[in-house]
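One structure is given here, and the rest of the page talks about it.
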2 protein chains.
Amino acid sequence: MYNTILLGHGSGGTMTGDLIRNMFLKYFKNPCLEMLSDSSVFSVDHNTLAFTTDSYVVDPIFFPGGDIGKLAVCGTVNDLAMSGAKPLYLSSGLILEEGFPMTDLETIIRSMAEEAQNAGIQIITGDTKVVKKGQCDKIFINTAGIGILEDRYRHISAGLHIRPDDRLIVNGFLGDHEIAIMAAREKLNFEEPVASDVSSLHHMVHALLENGIDIHFMRDLTRGGIASILDEMTENRDFGASVDEASLPIRSQTKGLCELYGFDPLYLANEGKMLIVVARESAGPAIEIMKRFAIGSHASIIGTITKTRPGMVLLQSGTGGSRIVTRLAGEQLPRIC
Amino acid sequence: MYNTILLGHGSGGTMTGDLIRNMFLKYFKNPCLEMLSDSSVFSVDHNTLAFTTDSYVVDPIFFPGGDIGKLAVCGTVNDLAMSGAKPLYLSSGLILEEGFPMTDLETIIRSMAEEAQNAGIQIITGDTKVVKKGQCDKIFINTAGIGILEDRYRHISAGLHIRPDDRLIVNGFLGDHEIAIMAAREKLNFEEPVASDVSSLHHMVHALLENGIDIHFMRDLTRGGIASILDEMTENRDFGASVDEASLPIRSQTKGLCELYGFDPLYLANEGKMLIVVARESAGPAIEIMKRFAIGSHASIIGTITKTRPGMVLLQSGTGGSRIVTRLAGEQLPRIC
């Protein structure tokens, strides 16, 4: 093995072969991948599938709570889970900068393998490209994911069952990922540091669905934060959403940093948070189930679906006022994920 | 719309939404994508699937015969086709450099859409990230692909039916893609310019399979060229391969350039070429079917599977000598695909 990535590691020749054997096969061990074929072959027992992809360009690549590898697995697993699907298989496409340290790559690959195991999915196909120094920044990872979707959950993704009086629930503190990245990038020191919330959500989602929680909508709160998801959810629909500002789980460090930088916590990125919309009578049981999971220990009801103001999201302040929540325009922080 | 890509186009907010509507939906129009969900949902009627991914970092992004968009569709379609699968769905993950011209993006997206239609597949899920100027080089594209695989073709990928006296066939001139990229990069002028061979191979593969050609192995000749594929195919197997140098379809321009730069045409990258191994009696009919396609018009038998020299590839020269063909060590030309 070499100490750094060289252009030859992306050549498709012997150096690529060595990297596959000594790195990818070592950590991603599974029969599909070991075939080392151009395509990986697998069988499914459902005929409805979910398919998603995301590229990850987060900077820094190592941050409190995780790294780009863990993020690349969790992010795609969560996209599948949010559609109600059971995540099964992932692909991994790496773009590496010439000179990237081999030990860093190993840390990232190990982290992907650990999170894949944790999430119960397999990384069964992959690709590695190497570009010259200065032509990309360290490492970019794309993962695509396949899951199986039971027909009874097909309505969730489009929110077809959302109706007035439904309850909005989030599973914990908003903005942890963006705060952690910002702190790492700006070298900020908090008394109580905020770690990224990067986590796979699908075991918790699975528990909700298996326990008969009537989920009408579900979406992870990534780029654009909860504001963007609420806005997407209500856009051109015959209902609105009302969010109670006081009930939003926001850490004091997050509040402080937002005031300092002029950010709005509603737009902060998360990587282990989701919004679920459930029938009113399901809200209590849903919270109870979510609290069984570390990632759901601060689950809260934050608002309701309303008949009034269709297509709009209203944030109700503690003082009785309210403001309309719109989607993020422009960029808060680049390369957050 | 803006004239160039800004960081906000990767934010997940309104600018990302505009880009999705005005660019991706416009060209990739299909019901799955229009759901604009985190995951795309589809149904399959076979329970054996093939899954593959590749990232494309080719430089230059526009070259004679194609562009990075066409390449990103063909490359992944071909990986599926080579396993005997029928390609069905693609994902598209873009990483864009801030300042990338919107017209170039539109040309590339249109090119992806055209090639997808040509190949009969749909791009049903995608993601766009934007990094600051200088943090990537123009545009990188990842595609992942899903196809369905009939059980009777499952042996092809691993070459389980390869046996001595089988014939090796390639579908045309070797090295066109690498020569075209090299010429574009070095601004070389040929009297007869060589265009990249970038093409989807799966209609031709489908015709071979449907007409009962007994294909024992099939692989597209990308990075590392035909040498790497022959080497992989024979590695640790109880047969060898003998290739007749005189029968290799190589253009005179390619020969000339290889002599000039000290390259070996066996290692040159292709993006619309494949090696197939067929039973001896199938070789004639296979050539006949391939010649019905523009991409197969120079199909030739180039060698045989041998019982002697197991695990090795021998190149027989016209003068009666022979040399062992090994896999590419190091890199010939970076960012070839």
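The values are calculated or read from the model by the stated rules, or taken from the named source; none is laboratory data. Here the structure is a predicted model, which is why all the values come from computation and not from measurement. So basically every Cβ, Gly included, is an ideal-geometry build from the backbone, and we count neighbours across all protein chains shown. All accessible areas refer to the heavy atoms of the entire protein, side chains included, with ligands and DNA or RNA removed. Shrake-Rupley method; radii C 1.70, N 1.55, O 1.52, S 1.80 Å.
Can you report the principal axis dimensions of segment A:278-337 using only the alpha carbons, biggest first, rounded to whole angstrom?
For segment A:278-337, the Cα extents along the three principal axes come out at 37, 37, 24 Å.
If each Cα of segment A:1-133 is one equal point scatterer, what is log10 of I(q)/I(0) from the Debye formula at q = 0.12 Å⁻¹?
-0.47
At 1.306 mPa s and 10 °C, plugging the Kirkwood radius over alpha-carbon pairs of segment A:211-298 into Stokes-Einstein gives what diffusion coefficient in µm²/s?
After rounding, the answer is 110 µm²/s.
Around A:T107, under 11 Å between beta carbons, what's the net of Lys plus Arg minus Asp minus Glu among the other residues?
Every neighbour counted, the sum reads -2.
Under a 5 Å amide H to amide H cut-off, with H placed in plane at 1.01 Å, what residues pair with B:L201 once short-range neighbours are removed?
Sorted by chain and number, the residues that satisfy this are B:N78.
Which whole-number percent is the relative contact order of chain B (Cα, under 8 Å, 6+ apart)?
Numbers: 746 pairs, mean separation 74.9, N = 337.
With pairs under 8 Å counted, the relative contact order is 22 percent.
Using a Debye calculation, one point per C-alpha and no hydration shell, please list log10 I(q)/I(0) for the protein assembly as shown at q = 0.06, 0.11 Å⁻¹ in order.
-0.34, -1.06
Can you give the mean number of other chain Cβ atoms that lie within 10 Å of the Cβ atoms in peptide A:28-40?
Across A:28-40, the average partner-chain Cβ count within 10 Å equals 5.
What does the helix-only formula give at 222 nm for chain B: each DSSP H stretch with n ≥ 4 adding -39500 (n - 2.57), the total divided by the residues, and the result rounded to the nearest 500 deg cm²/dmol?
When only DSSP H runs of four or more count, the value is -8500 deg cm²/dmol.
What is the angle, in °, between the Cα long axis of helix B:280-290 and the longest principal axis of the Cα atoms in chain B? Nearest 10 is fine, range 0 to 90.
So the inclination is approximately 40 degrees.
How large is the accessible surface per residue of chain A, computed with a 1.4 Å probe and reported in Å² as a whole number? Let's see the in-between values first.
Details: 12290 Å² over 337 residues.
On a per-residue basis, 36 Å².
Which links in A:K273/B:K26; B:K86/B:K132; A:K255/A:K291 stretch past 29 Å when you go from one Cα to the other?
Among A:K273/B:K26; B:K86/B:K132; A:K255/A:K291, the Cα-Cα distance tops 29 Å for A:K273/B:K26; B:K86/B:K132.
Please report, in debye to the nearest 20, how large the charge dipole of chain A is about its Cα centre when each Lys and Arg carries +1 at its beta carbon and each Asp and Glu carries -1 there.
Value, rounded to 20: 140 debye.
Using DSSP to define loop residues, name the trypsin sites (Lys or Arg not before Pro) in segment A:10-86 whose beta-carbon has at most 13 other beta-carbon atoms within 10 Å.
Here the trypsin sites (Lys or Arg not before Pro) that fit, given the DSSP loop and packing criteria, are A:K29.
For chain B, take the longest principal axis of its alpha carbons; what is the angle in degrees between that and the long axis of helix B:68-82, to the nearest 10 within 0 to 90?
Orientation of helix B:68-82: about 50 degrees from the principal axis.
If the viscosity is 0.692 mPa s and the temperature 37 °C, what Stokes-Einstein diffusion coefficient in µm²/s follows for segment B:167-325 when Rh is the Kirkwood radius over Cα pairs? Let's see the in-between values first.
Details: Rh = 16.0 Å.
D, rounded to a whole number, is 205 µm²/s.
How far apart are the A:R323 label points across copies, placing each 7 Å from Cα toward Cβ, in nm, shortest first?
7.2
For B:H155, place a label point 7 Å from Cα along the Cα-to-Cβ direction in every copy; what are the distances to the other copies, in nm, shortest first?
Computed spacing set for this position: 4.9 nm.
When each copy gets a label point 7 Å from Cα toward the beta-carbon at B:N3, what are the spacings between them in nm, shortest first?
List, nearest first: 4.7 nm.
Summarise the accessible area of chain B (1.4 Å probe, protein heavy atoms) by the percent that is carbon and sulfur.
49
Springs between alpha-carbon pairs under 10 angstrom, Gaussian network model over chain B: which of B:L168, B:L71, B:L260 fluctuates most?
Residue with maximal mean-square fluctuation among B:L168, B:L71, B:L260: B:L260.
Treating the beta-carbon of each Lys and Arg as +1 and of each Asp and Glu as -1, no other charges, what is the dipole magnitude of segment B:35-153 about its Cα centre, to the nearest 20 debye?
Magnitude of the dipole: close to 60 debye.
Taking all pairs of distinct Cα atoms, average 1/r, flip it, and tell me the Kirkwood hydrodynamic radius of chain B in Å to one decimal place.
20.9
Taking the Cβ of A:I5 as the centre, find all other residues whose Cβ is under 15 Å away and add up their charges (Lys, Arg: +1; Asp, Glu: -1).
On the way: positive: A:K129, A:K132, A:K133, A:K138, B:R335; negative: A:D18, A:E97, A:E98, A:D104, A:E106, A:D127, A:D137, B:E331.
Summing Lys/Arg as +1 and Asp/Glu as -1 gives -3.
If one takes the longest principal axis of the Cα atoms in chain A, at what angle in degrees, from 0 to 90 and to the nearest 10, does the Cα axis of helix A:176-186 lie?
With rounding to tens, the tilt is 60 degrees.
For the pair A and B, how large is the buried accessible area, both sides, in square angstrom to the nearest 100, if the probe is 1.4 Å?
5700
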